[in-house]
Amino acid sequence: MNLIRIRYTKWFNIIKNSMKSNNPVFVAALGLCSALAISNTIQNAIAMGLGVTFVTMFSSMFVSMFRNYIPSKLRIVTYMIIISTFTIFVQKFLQAYFPSIYDSLGAYVGLIITNCIVMGRSEAFAIKNPWRYSIIDGFFSGMGYTLVLVLVATIREPLAFGTLLGFQVLPDDFTAWASMGTASGGFFVLGLMIWILRSWAKTYEEA
Amino acid sequence: MIDFFLSSLLSNNIALTLILGMCPLIAISTNVKNARGMGIAVVIVVTLTAVINYPIYQLLVLTGTEDLSLLAFIITIAAVVQVLEILLEKYIPTLYNAFGVYLPLITVNCVVLAVSQFFVTRGYNYSETAVFAFGSSLGWLLAIVLVASIREKLAVYGDLPKGLRGRAIVFVILGILALAFSGFAGLSV
């Protein structure tokens, strides 16, 4: 009974939309740069996903708190400034507490600013909705992104390095696929995953 | 310097080996004409912002506030795009009509910010920064035009499974192109 009641609340719809029917990577094709570049190991994928989740959550919250004071002509610049403030926060946090992850993510941490997911949620959701909905929307959009990143990384990491989260899973005589660790592997894996998901969910696009 | 230019253009192509600027590359590569317009706008903005951001970064280092470089870079980028849009609209309206619609989109193109970040992390000097910015944005133009021309042909002659149409096939195209571009590794004059 309870479950049915939850289904029709606004909260449930926000969560469902941001995780599934509006999933940033698969459906809207947003935030791809980092999704492809970072997903060669699971550790990087998780760190990047959590960073993006944090930034999306708080910038959505702040954008919607100030939504009545932001002039519509200057809104993009305002988003930029809010987002880059939180990105600098993430960057400094990683640099201070997880220097090894910070080194392997490199410039991509700073590029959270231009990750379209963050901007997209501000523009599409936060600017029109109260802050308590925006923060949930931001959190689950970020989580949907993290999920995809980890999925792609789960395929790429064993094939590229023979490890899973740093532990050896494939036999020692397995020849690592060097191209899986580079850009082309990411492109192929994501392309095939979209194909499989589209065929399964029967959501096609024209052309 | 020529080696440096070639490596940023081909063997370290910013779109195909560093995977930057993917969102506009996938969204706008449906035909060659639009792809070229977007690409040229990117070349101009990336080169300009890198050349402007370099002295700003030096100033931030001098005052000990280089932690805020991201914020400064993004403001410069937004400002350059805005100013360029206004100037083009006023003085060269034909050019403005040709790629005016792409200009605002460039603010969120990660190539622009990435180039400004790379000169910090890789420690380039001023002339290297300018060459790197020009070379890698030209490389991005090359990548988007290549993808667009393949997609144009594919739309006419291709007979793809339903699920592979649209974005999925673009990733496969990009993957093959990325493999091809890895063949440029170690290229020197």
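Rule-based calculations on the coordinates, nothing more; no lab input. Only a predicted model underlies this, so the values are computations on that prediction, with no experimental measurement involved. Every residue, glycine as well, gets a Cβ built from its backbone with ideal geometry; the counts of neighbours run over all protein chains shown.
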- Message: Can you tell me, using C-alpha contacts under 8 Å and at least 6 residues apart, the relative contact order of region A:154-207 as a whole percent?
- Response: 29 percent
- Over chain A, what is the mean sequence separation of C-alpha contacts under 8 Å (at least six apart), divided by residue count, expressed as relative contact order in percent? 32 percent
- Note on the structure: Length gained, B:Ile44-B:Leu105, 0.36 nm per residue minus C-alpha separation, equals 20.6 nm
- Extending each Cα 7 Å along its Cβ direction at A:Val150 and B:Asp159, get the distance between those two points in nm, one decimal. 4.3 nm
- Task: Consider a paramagnetic label point 7 Å from the Cα of B:Val83 along Cα→Cβ; state which residues of region B:29-60 have an amide N under 17 Å from it.
- Result: B:44-60
- For chain A, modelled as a GNM with alpha-carbon contacts under 10 angstrom, which of A:Tyr79, A:Tyr108, A:Tyr97 fluctuates the most? A:Tyr97
- Averaged over B:73-80, how many beta carbons belonging to a partner chain fall within 10 Å of each residue's beta carbon? 3
- Residue span B:Val51 to B:Phe4: 0.36 nm per residue of separation minus Cα-Cα distance leaves a gain in nm of 15.2 nm
- Query: Using a Förster distance of 41 Å, how high is the FRET efficiency between A:Thr175 and B:Glu66, based on the Cβ-Cβ distance and rounded to 0.05?
  - Reply: 0.40
- For the protein assembly as shown, the count of lysine pairs 8 or more apart or interchain whose alpha-carbon atoms are under 18 Å apart comes to 8
- Note on the structure: Between B:Ile75 and A:Phe12, Cβ-based FRET efficiency (R0 35 Å, step 0.05) works out to 0.35
